[in-house]
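Some notes on the structure that comes next.
Laboratory data are not the source of any read-out in this text; all were calculated from the coordinates shown. What you see is a predicted model, and the numbers here were worked out from it, not measured in a lab. As a convention, Cβ positions derive from the backbone with ideal geometry for all residues, glycine included, and neighbour counts pool all protein chains shown.
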Protein chains: 2
Amino acid sequence: MLELTKDFLDQLQSNIEAGRDVEIAATVGGLHPKDVADIFDALKREEILYVYRLLESELKSEVIAELEEDVREELLSSLSSKEIAEDVIEGLDSDDAADALADLPEAKLEEAMRMVDDQETASEVRELLSYEDGTAGALMAVELIKVEEDWTVARAIREIRAQASDVENIYTIYVVDDLGTLNGRLSLKSLLLNASSARSLLKDLKDDDELVSIEAHESEEVVVKLMERYDLVALPVVDAQGKLLGRITIDDAVDVIIEDAERDYQLASGISEDVEGKDSVWALTRARLPWLLIGLGGGIGGAYVIGAFDIENNPELALFIPLIAAMGGNVGVQSSAIVVQGLASANVNMGNLATRLLKELSVGLVNGLICSAIIFLASVLLGFGWMLSSTVSASLLCVIVFAALFGAFVPLMLDKRNIDPALATGPFITTANDIMGLIIYFSMGSLIASLMA
Amino acid sequence: MLELTKDFLDQLQSNIEAGRDVEIAATVGGLHPKDVADIFDALKREEILYVYRLLESELKSEVIAELEEDVREELLSSLSSKEIAEDVIEGLDSDDAADALADLPEAKLEEAMRMVDDQETASEVRELLSYEDGTAGALMAVELIKVEEDWTVARAIREIRAQASDVENIYTIYVVDDLGTLNGRLSLKSLLLNASSARSLLKDLKDDDELVSIEAHESEEVVVKLMERYDLVALPVVDAQGKLLGRITIDDAVDVIIEDAERDYQLASGISEDVEGKDSVWALTRARLPWLLIGLGGGIGGAYVIGAFDIENNPELALFIPLIAAMGGNVGVQSSAIVVQGLASANVNMGNLATRLLKELSVGLVNGLICSAIIFLASVLLGFGWMLSSTVSASLLCVIVFAALFGAFVPLMLDKRNIDPALATGPFITTANDIMGLIIYFSMGSLIASLMA
């Protein structure tokens with residue numbers, strides 16, 4: 001892996017400035033496309049364009065496939081329609097081309113499409129662009145190896161040789177009937193092992209056990225679940241009639257897995273847009289502000305709850321406000337996280353709502369009893385007095401049980417209504433539990449005070 | 001994908017009770033091993049064993065590879081050494097076998113090893129078991145296709161046919177020299193395309209560009225980064241001398257990616273052990289209690305901070321305690337999450353500590369200024385008075401800036417000391433920021449009160 005040091009970049013930038021093209025081509029030209037993409041990530045716009053135009057045609061395409069979305073969009077906007085036709089539409093696999101072109105202005109896209117020599121390629125890419133983002137169709141590539149079940153082994157090997165130049169990794173050979181309907185698969189291995197029986201028909205060799213495929217309109221979450229569950233490196237995509245349209249390869253599924261995981265993590269941490277540490281201060285601020293505003297609203301709500309109570313005559317209750325708020329928040333985040341993860345990986349039935357909530361109730365009760373016992377003892381021993389200690393201890397138990405139930409209930413409800421349950425995690429649950437915790441705490445305080453009076 | 005309904009399970013369980021073996025074998029025998037594993041997950045111990053013994057030998061092995069760790073451990077403890085020798089050691093790929101055997105008692109493992117017919121297989125598995133958990137060596141399988149660079153295409157095809165029966169998915173053929181040192185690879189595709197030139201030497205066909213490999217002692221995090229970065233479906237593993245030992249396939253890397261993501265998510269949510277919704281109440285409680293105890297400690301600390309201040313004479317300050325605590329916590333979680341994600345995916349240099357903190361300072365300042373302006377206006381408009389409004393507003397700014405810096409600093413520091421930065425997220429940062437927020441808030445309160453006095 002290339003270590004992208006400051007020295008390396010400085011040297012490269014001074015070479016660009018001095019126009020030492022041969023040297024630049026020699027340094028960058030021999031690198032892995034992903035490494036070149038990382039270098040571009042660190043260069044300025046005009047420097048990227050300068051280096052890009054020094055690359056060999058094949059590397060150009062490969063680098064475009066690897067670039068971060070924002071860098072790629074910038075680069076593409078600087079390229080001519082001719083360059084886009086050659087380096088992107090013709091140079092890339094159909095799925096990578098469609099990805100790269102997704103944000104290109106319509107007019108420029110049309111012009112580039114017209115400049116493509118092989119109009120079949122252009123229309124394939126155009127078709128991929130028509131699938132909605134986040135579906136299996138948008139993830140698939142049309143490049144694959146397809147054979148008909150009535151062919152002999154000898155003919156199949158000839159046809160595969162002809163098709164293979166378009167397909168970088170073969171993985172699986174798909175077997176279709178004369179209507180193009182997917183009905184089996186063949187591994188290169190079995191073809192190699194049977195190459196001697198050249199006259200056998202593919203229908204006798206093909207494997208149609210456990211043939212997993214997906215319809216193009218299904219979501220990428222289903223793609224990922226199927227590929228993970230059945231350890232697939234390629235998943236064939238079909239239309240409603242079962243006709244083979246394309247295939248999704250594992251590298252694209254891995255990208256989806258990683259993006260989803262990052263997104264859930266960010267939502268749970270109160271970050272509402274996809275940002276990285278290297279993004280601008282403004283982008284980072286914008287991604288973080290929405291949740292802070294919710295927190296502000298919650299804080300003002302909390303002030304009203306406390307204000308509604310006679311705090312002036314019971315100022316010692318203030319001491320444990322942070323404890324009650326923090327514990328409600330922590331417990332709520334814990335139980336919502338378990339539910340969100342369970343929903344995300346749900347190969348198994350999560351059980352019905354009542355069962356789940358009953359379990360949360362049990363966990364909440366056990367944790368609540370342990371914590372309230374500890375806080376009661378600690379508080380008495382530290383000299384906070386019987387009344388305050390019992391108020392804190394009793395309300396902590398209620399807060400923990402409530403927060404556990406609420407934290408589990410909200411994502412389960414959202415999921416039932418087909419809203420992404422991860423939206424409910426982090427700050428939202430925390431804020432709601434903060435306020436509810438304060439209401440419980442001060443009601444308990446009033447109750448115990450009136451009982452003692 | 002099998003829908004595991006209650007009806008299906010009820011039917012199966014009554015079949016087991018009535019001993020309707022033929023029916024059980026017919027229902028379960030035709031399923032995908034992963035589906036059978038899910039069924040086992042829902043059955044009782046003796047039921048699992050009953051169904052298992054009705055399966056065909058190949059399916060037995062495949063199901064063992066797919067089982068959840070706890071179910072598998074239970075099943076293996078009920079099997080005889082002979083069954084373990086046949087179904088696990090001989091029946092599985094070496095990496096899956098080593099995984100399954102990892103927790104077996106030493107004596108039983110030894111006995112099973114002795115019962116294996118092919119002692120070479122036994123010693124391969126034994127060797128895999130010797131690699132430390134979490135290393136490339138522990139993830140790899142020894143089954144692969146290996147050819148020597150001095151062979152001709154014709155000989156290679158013969159040898160590959162012989163080797164192929166052991167290898168489920170070939171992906172890549174590895175080329176070695178006469179010492180076994182990895183020095184190139186060959187795709188099945190290029191072999192197929194060159195099958196006609198039977199006398200060519202492999203050294204002229206092999207591809208040694210960008211050959212990525214990993215040493216056995218490297219960590220699985222490096223495995224995942226390499227495979228993701230270079231879109232690999234198989235990664236060859238070598239020893240310190242470059243000798244080819246095995247290969248890691250993408251399905252195993254995907255498992256590591258998903259496990260890591262779940263772990264980070266759980267740590268950020270305050271869950272300290274790997275649990276799932278279906279685990280026992282006690283397991284769920286135990287996983288959640290440690291962080292709640294930290295929260296309790298923080299809450300008691302908070303009580304001391306508030307107690308140290310003259311709250312009786314300024315009870316209105318209590319109103320905004322929840323706001324200050326919540327905002328400190330939220331901001332800290334946000335900035336630590338961005339740092340943790342950046343460190344996890346760091347293909348690019350994160351920049352030095354000072355640069356990172358300077359950026360967090362800027363983001364914190366912008367967010368802090370916006371939030372403190374809003375809270376000042378809201379608080380004045382809602383009639384909370386000038387003094388309280390300025391105290392809340394000024395301290396909120398300080399709290400946000402401090403929390404942003406602290407949230408970024410802690411994981412960066414941990415990472416420098418080679419401690420997993422994800423440990424610092426969630427409750428730990430929240431609790432520390434709660435207390436610090438209170439100290440800032442009440443100090444500011446005292447300061448403003450004394451200025452106004």
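Per residue, the Cα convex hull of segment B:281-452 amounts to 141 Å³. Considering only Cα atoms, the convex hull volume of segment B:134-248 works out to 93 Å³ per residue.
Largest first and in whole Å, the equivalent-ellipsoid semi-axes of segment B:6-130 read 28, 13, 13, each the square root of five times a Cα gyration tensor eigenvalue. Here's the picture: charge each Lys and Arg Cβ at +1 and each Asp and Glu Cβ at -1 in chain B, and of B:L201, B:S78, B:I89 the one pushed furthest to the positive end of that dipole is B:L201. Taking the Cα centre of chain B as origin and assigning +1 to Lys and Arg Cβ atoms and -1 to Asp and Glu Cβ atoms, the resulting dipole is close to 2420 debye.
Evaluate peptide B:427-436: per residue, the Cβ atoms of other protein chains within 10 Å of its Cβ; return the mean as an integer.
Mean partner-chain Cβ count within 10 Å for B:427-436: 2.
Under the combined filter of DSSP loop state and at most 16 neighbouring Cβ atoms within 10 Å, segment B:29-115 retains these trypsin sites (Lys or Arg not before Pro): B:K44, B:R53.
Between B:N183 and B:V175, B:V176, B:D177, the built amide H atoms are under 5 Å apart, and every one of these is 5 or more places off in sequence or on another chain. Annotation for segment B:80-187: GluC sites (Glu not before Pro) lying in DSSP loop with at most 14 further Cβ atoms inside 10 Å of their Cβ are B:E132, B:E168. Against the empirical 2.2 N^0.38 Å (N residues), segment B:344-425 has a Cα radius of gyration ratio of 1.42.
Charge dipole of the protein assembly as shown (Cα centre as origin; +1 on each Lys and Arg Cβ, -1 on each Asp and Glu Cβ, all else neutral): 3240 debye, rounded to the nearest 20. For segment B:110-149 and segment A:80-142, what is the centre-to-centre distance using only Cα atoms, to the nearest Å? Between the Cα centre of segment B:110-149 and that of segment A:80-142, the gap is 46 Å. For A:E215, the shell of other residues with beta-carbons less than 15 Å away shows a net charge of -2, using +1 for Lys and Arg and -1 for Asp and Glu. Per-residue Cβ neighbour counts within 10 Å put B:W386, B:W291 in the sequence B:W386, B:W291, beginning with the fewest. The long axis of helix A:6-18 is offset from the longest Cα principal axis of chain A by roughly 50 degrees. Divided by 2.2 N^0.38 Å, where N counts the residues, the Cα radius of gyration of segment B:277-369 comes to 1.53. The aspartates and glutamates whose alpha-carbon is closer than 13 Å to the alpha-carbon of B:K243, local same-chain residues fewer than 8 away aside, are B:E148, B:D177, B:D178, B:E215. Listed by chain and number, the lysines whose alpha-carbon sits under 16 Å from that of B:K225, ignoring those within fewer than 8 places in the same chain, are A:K34.
In nanometers and ordered shortest first, the copy-to-copy spacing of the B:R155 label point, defined 7 Å from Cα toward Cβ, is 3.7.
Here A:M227, A:M413, A:M452 are placed in order of increasing Cβ neighbour count within 10 Å, fewest first, which gives A:M452, A:M413, A:M227.
Scaled against 2.2 N^0.38 Å for its residue count N, the alpha carbon radius of gyration of chain A is 1.34.
Shape analysis of segment B:185-230 yields a ratio of the Cα radius of gyration to the Kirkwood radius, Rg/Rh, of 1.15.
Here the contact order of segment A:145-250, divided by its residue count and restricted to Cα pairs under 8 Å and six or more residues apart, works out to 25 percent. Here the Karplus curve 6.51 cos²θ - 1.76 cosθ + 1.60, taken at θ = phi - 60°, turns the phi angles of segment A:255-263 into couplings of 4, 5, 4, 5, 4, 4, 5, 5, 5 Hz, with x standing for Gly and Pro. Rounded to the nearest whole Hz, the Karplus-based 3J(HN,Hα) values (6.51 cos²θ - 1.76 cosθ + 1.60, θ = phi - 60°) of segment B:226-237 follow the sequence 5, 5, 5, 4, 9, 6, 8, 9, 8, 10, x, 10, with x at glycine and proline. Would you mind counting up the charge near B:D204? Only other residues with Cβ under 13 Å from its Cβ, with Lys and Arg at +1 and Asp and Glu at -1. That works out to -1. Placing +1 on the Cβ of every Lys and Arg and -1 on the Cβ of every Asp and Glu, with nothing else charged, gives segment A:238-351 a dipole about its Cα centre of roughly 140 debye.
For B:K359, the lysines whose Cα comes closer than 17 Å to its Cα, not counting residues fewer than 8 places off in the same chain, are A:K278.
The GluC sites (Glu not before Pro) of segment B:224-287 meeting both criteria, a DSSP state outside H, G, I, E and B (loop) and at most 16 other C-beta atoms within 10 angstrom of the site's C-beta, are B:E273, B:E276. Helix B:153-164 and the longest principal axis of the Cα set of chain B meet at an angle near 70°. Ellipsoid semi-axes for the protein assembly as shown, based on the Cα gyration tensor and the rule √(5λ), read 54, 36, 24 Å when sorted largest first.
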